[in-house]
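Okay, so here's the structure we're looking at.
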Amino acid sequence: MSEEVIVSYLASAIRLSVPLLLAALGILFMSRSGILNIGMEGMVLIGALSGVVGAYYFGSAAAGVGFAVVVTGLVGLLFGFLVITTGADQVVIGTALNLFGLGITTVFGRSLLGMGQEAVRVNGIPSLRIPLLSDIPYVGEALFDQNVLAYASYLLVPAAAFVFYKTNWGLRVRAVGENPLAADTLGVRVHRIWYICCLIGGMLAGVAGCSLSLGILNQFTENMVAGRGFIALSAVIFGKWTPLGTMGASLLFGGADALQLRFQSFGIKIPYQFMLMFPYLLTMVALAWFSGKSKQPAATAAAYKSLADRNG
Amino acid sequence: MEPILEIRGLVKRFGSFVANDRLNLAIRQGEIHALLGENGAGKSTLMNMLSGMLEPDEGEILYKGKPVRFGSPREAGSAGIGMVHQHFMLIPALTVAENVLLGLKQDRSPFFRFKKACAEIRELSDRFGLDVRPEAKVSDLSVGQQQRVEIIKTLFRGAEFIILDEPTAVLTPSEVKDLFRVLRTLKEQGKTIIFISHKLQEIREICDRVTVLRLGRLIGTHSLDGITPADLARMMVGRDVAAPVRKAGIVSQTNRLKVTGLHASESGVPVLKDISFRIREGEILGIAGVDGNGQRELSEVLFGLRSKDAGIIELDGEALQRQQPRSMKEKGVAYIPEDRHKEGLMLQMSVEENLIAKEYRKRRFSKGGIISRRRMRECADEQIKSFAIKTSGASVPVGRLSGGNQQKVILARELMLNPKVIVAMQPTRGMDVGAAEYVHKRLLEASEQGCSILLISTELEEVMALSDRIAVLYKGELLGTMDRESADRDRIGQLMAGIRPNASFAI
């Protein structure tokens, strides 16, 4: 294979990994604190739409990202309110959020941005070529000729690792995810930790959505997330709830997605629908193989009413 | 001596139930004060109010002469009151240092300084002789060590007043000795300790004074000089308590259950190694040992809940192939599981449904797959009466019953089968003196009628009181079987800690 083919494959693998990684990091924050967010798919969809809407009405991609982060941050807090304060079942709320996300983005996508060929196109997030680094053969161009969100996602991985393992707040997040009661008896404000993690998760969902709509297609299309929210959830599990592992898993799944696109363009005589299945199949196999061996935070999806509230 | 903590007219209600009824109590600075009472006497409620987990409805708490009111454990902790819960409040996936530091700010810095924390914890650990390695992961520690981590947690937060809730319930005899050594060091350094327990011997050994609670009321506070265990038991239960007595002698020579060379493993790790024993008709074989040494696995293999790797299990001389719970039940094996809530009962379902849960397929209760509710009710009423199960009716969810009564439901269900063998795993775990006495009585009755019982318990007293022969399980091995006459506490205690004597025992 020529260098060109390999470089273009790597570049597209990374481009497709970025939304997964951003969404997965959002899930990771929630998951380490013990909140199971299967509604990520819906959150990312809302983020993707708000990004384009923001970019269209405010006139710049940056404003679009900012708008999306605000919107999905609010969605994250709403999710938090439902599962934390009212104690609703996290699986039910997550499922509802997915359905809600699909419905509301379809409605507002059509009414605000039009549909089909007439759908609004906006200026996407431009690529930013980093001098010197991008000249490294093979990986240089793939890694360092991407848009700002991609670079942000690279930096978020060590940042998340630092927060989780080197700060007091990160220790509290991990502790709450394992045993909220124990954390509470030590004076950790469990609900506050959960709300902050939901907020972070929501905001990252917005960025993830923008990396799809503004970073890759420059427009919004219905159900454009296409299961990536769920794949991100798998990436967290596959990555054993660590930032680095999550990144590895995101790259694997993103790479599979890119490979599937390559296969289609090679003109192999297999119906393209089967090609489309490849990343999802890989996700299933990876999960079936690994999830038994990794340990999720012990208090995942457990409702908890804080001691102080019980008294009041 | 000056009281460090005083309670005046403290009342706590849950709905219409009065858990603590006008309690008055004064704890002296630097003493080890025992709090004694049966389950449901209100010990935990009282301690939860002192440690900020609950707020009192009436009355006041004076700490160091000042009235205090704690809205949360954090407030109690910063006042200097720490609590070591019976079920540890530890996070197994984290290290000792992380568990200790959780919720604190080191020098107001947002960063977690692992090395500095470790050094501070080591210093504290040395000062009080706690012997805990701060770098270790909590899940790798023994139960005794985990308890010491809990003590360090309170000390690290500057606790002057430490409450220990049933601290010896989970420990081996030698770990109990270590704990008492630590408690004496704490006392020497001026800490005040409340020691909750229902083990009278231990209270006599370590405590200065004792307060007895019964049904939410305070019965009295006494100095431990000149008070006998029998006095304490009477105060606690409200009547004289007779210890169960096993009548020696009349055991037949016929083998009922014979196990030879039993091996089992859990994901490749051996959990049972070459276990052999026999139980004769009407005999009780007690298996002592510290929790987690294969007791659970042994009982599960015997009842067919877990597959064995090798070995022969014979019942009345017939070797059992591929045993499964249902076939074991049909063959007359009853099973009292360790955890009533998780395995023994369906808590949401009614008492009557739980009672017939092993017999519902019999013609007596169902025809063509349809259960006769009338017969179920008749049977349940009969059992409720015969076992004196306290419930407001047969249709009440079993989860609403007290622990002792739940155990009676299990006992009734299993004995209803007229079993040949009972595998009883911790049959009185977490039960108070009165309820435990009843369970023991029924088990002894069953054995007198010829039923063979495998009694697995971590309570040495229980094993020694009931068994005809006693074996010790240590790391999946049966270390020796001895007759009750030749069994003494020290010897069993050593075996429980894995110290093998040179002499070998006959099996």
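The values are calculated or read from the model by the stated rules, or taken from the named source; none is laboratory data. Since this is a predicted model, take the numbers as computed values, not measurements. FYI the Cβ positions are ideal-geometry reconstructions off the backbone, even for glycines, and counts take in every protein chain you see.
Worth pointing out:
- Subset of the range B:73-106 [at the interface with chain A (Cβ under 9 Å from one of its Cβ atoms), surrounded by 21 or more Cβ atoms within 10 Å (Cβ to Cβ) and either of a type in the set (S, T, N, Q) or more than 22 Å from A:A298 (Cβ to Cβ) (or both)]: B:G77, B:N99
- Just one of the listed residues (B:T211, B:T221) is out of contact with any Asp or Glu (no Cβ under 8 Å at 6 or more places or on another chain), surrounded by fewer than 18 Cβ atoms within 10 Å (Cβ to Cβ), modelled with pLDDT of 90 or more and closer than 19 Å to B:H33 by Cβ, and it is B:T221.
- For the range B:145-197, filtering for residues that are surrounded by fewer than 21 Cβ atoms within 10 Å (Cβ to Cβ), away from every other protein chain (no Cβ under 14 Å) and closer than 19 Å to B:L94 by Cα leaves 1.
- The one condition from (1) more than 12 Å from chain B (Cβ to nearest Cβ); (2) in contact (Cβ under 8 Å) with a residue 60 or more places away in the chain that A:Q273 does not meet is (2).
- Selection from the range A:216-235 of residues that are buried (at least 17 other Cβ atoms within 10 Å of the Cβ) and not in a loop (DSSP other than H, G, I, E, B): A:I216, A:R228, A:G229, A:F230, A:I231, A:A232, A:L233, A:S234, A:A235
- The criterion of at least 1 residues that are modelled with pLDDT under 85 is met, among strands (runs of 3 or more DSSP E) falling completely within the range B:445-507, by B:477-483.
- Test: residue in the range B:393-408 that is assigned to a strand (DSSP E or B) and closer than 22 Å to B:E343 by Cβ: yes
- So B:A117, is it closer than 29 Å to B:N48 by Cβ, buried (at least 16 other Cβ atoms within 10 Å of the Cβ), within 12 Å of chain A (Cβ to nearest Cβ) and touching a Cys at 6+ places or on another chain (Cβ under 6 Å): no
- Scan of the range A:30-69 for residues that are of a type in the set (A, V, I, L, M, F, W, C), closer than 29 Å to A:A301 by Cα and crowded, with 24+ Cβ neighbours inside 10 Å, ordered by number: A:M30, A:I35, A:M40, A:M43, A:V44, A:L45, A:I46, A:A48, A:L49, A:A68
- Checking each residue in the range A:163-179 for being over 14 Å from A:G34 (Cβ atoms) and either acidic (D, E) or more than 9 Å from chain B (Cβ to nearest Cβ) (or both) picks out only A:V163.
- Set B:R69, B:R148, B:R108, B:R122: member being out of contact with any Lys or Arg (no Cβ under 9 Å at 6 or more places or on another chain) and either of a type in the set (A, V, I, L, M) or under 23 Å from B:K187 (Cβ atoms) (or both): B:R148
- Qualifying residue in the range A:52-66 (condition: among the aliphatic types (A, V, I, L, M), touching a Cys at 6+ places or on another chain (Cβ under 6 Å), in a helix (DSSP H, G or I) and modelled with pLDDT of 95 or more): yes
- Per the conditions (1) modelled with pLDDT under 90; (2) surrounded by fewer than 19 Cβ atoms within 10 Å (Cβ to Cβ), the sole criterion not satisfied by A:T167 is (1).
- Test: residue in the range B:47-56 that is part of a helix (DSSP H, G or I) and not hydrophobic (A, V, I, L, M, F, W, C): yes
- Answer residue from the range B:37-59, given it is away from chain A (no Cβ under 14 Å) and modelled with pLDDT of 90 or more and is nearest to B:I163 (Cα to Cα) among those: B:L46
- Single match in A:V190, A:V91 (criterion: within 14 Å of chain B (Cβ to nearest Cβ), of a type in the set (V, I, T) and under 16 Å from A:G34 (Cβ atoms)): A:V190
- Positions within the range B:409-420 being under 10 Å from B:Q383 (Cα atoms) and part of a loop (DSSP other than H, G, I, E, B), in sequence order: B:M416
- Taking the range B:245-364 and the helices (runs of 4 or more DSSP H) fully enclosed by it, the elements with 2 or more residues that are in the same structural domain as B:H440 (by TED's automatic domain parsing) and modelled with pLDDT of 90 or more are at B:295-302, B:351-355.
- B:S109 within 11 Å of chain A (Cβ to nearest Cβ) and assigned to a loop (DSSP other than H, G, I, E, B): yes
- Scan of the range B:381-392 for residues that are outside any loop (DSSP other than H, G, I, E, B) and either more than 11 Å from B:A412 (Cα to Cα) or outside the structural domain of B:M346 (by TED's automatic domain parsing) (or both), ordered by number: B:D381
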